[in-house]
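What follows is one structure encoded as structure tokens, with my remarks underneath.
Nothing in this text is a laboratory measurement; each read-out follows from the coordinates by a stated rule. Computed from a predicted model, the values in this text were never measured in an experiment. Here the Cβ positions follow ideal geometry from the backbone for every residue, glycine too, while neighbour counts run over all protein chains shown.
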Amino acid sequence: MSRESTKQFGIDPNVRCDRVYPVIGSRKSVSTLKTVGLKLSREQAKHLAQVLLVAADAWEEIDITAYRTPLKSNGLCRITVTALG
């Protein structure tokens with residue numbers, strides 16, 4: 001099975017956030033964490049909400065992945081919303 005993105009529905013799948021916590025280099029081990037966090041601006045939150053609404057209408061299950069490594073181009077972190085197709 002391949003992954004499907006929201007691009008097929010005509011919505012920009014390139015969701016970004018300011019930061020994913022814990023940040024890389026933190027003393028906390030990911031394996032011991034009970035939570036992770038995302039820091040979003042208002043516009044980023046609106047974009048993520050739109051993507052999730054479209055995805056929820058189309059798919060029974062949704063996978064959200066937040067990448068902790070910031071992009072070199074703008075320093076933002078990627079968030080993907082996908083489903084198994």
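When the residues of the stretch 50-61 are narrowed to those that are more than 11 Å from the chain's Cα centre (by Cα) and of a type in the set (A, V, I, L, M), which ends up surrounded by the most Cβ atoms within 10 Å (Cβ to Cβ)?
Taking the stretch 50-61 as the starting set, the residues that turn out to be more than 11 Å from the chain's Cα centre (by Cα) are 50, 53-61.
With of a type in the set (A, V, I, L, M) added as a condition, the list becomes 53-56, 58.
On the way: L53: 12, V54: 17, A55: 22, A56: 12, A58: 13.
Selected residue: A55.
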So in the stretch 1-43, with the set limited to residues that are hydrophobic (A, V, I, L, M, F, W, C) and in a loop (DSSP other than H, G, I, E, B), which one is surrounded by the fewest Cβ atoms within 10 Å (Cβ to Cβ)?
M1
Read through the list (1) in contact with an Asp or Glu (Cβ under 7 Å, 6 or more places away or on another chain); (2) touching a residue at least 40 places away in the same chain (Cβ under 8 Å), then give the number of the only condition that L40 fails.
(2)
Selection from the stretch 51-85 of residues assigned to a loop (DSSP other than H, G, I, E, B), without any contact (Cβ under 8 Å) to a residue 60 or more places away in the chain, in contact with a strand residue (DSSP E or B) (Cβ under 9 Å, 6 or more places away or on another chain) and not charged (D, E, K, R) yields W59, I62, Y67, T69, P70, L71, N74
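Which of the residues spanning the stretch 1-27 are free of Cβ contacts under 8 Å to residues at least 60 places away in the same chain and within 13 Å of A66 (Cβ to Cβ)? Lay out the reasoning, then the answer.
Step one: filter the stretch 1-27 for residues free of Cβ contacts under 8 Å to residues at least 60 places away in the same chain, giving 7-12, 18-27.
Within the stretch 1-27, D18, R19, V20, Y21, P22, V23, I24 meet the criteria.
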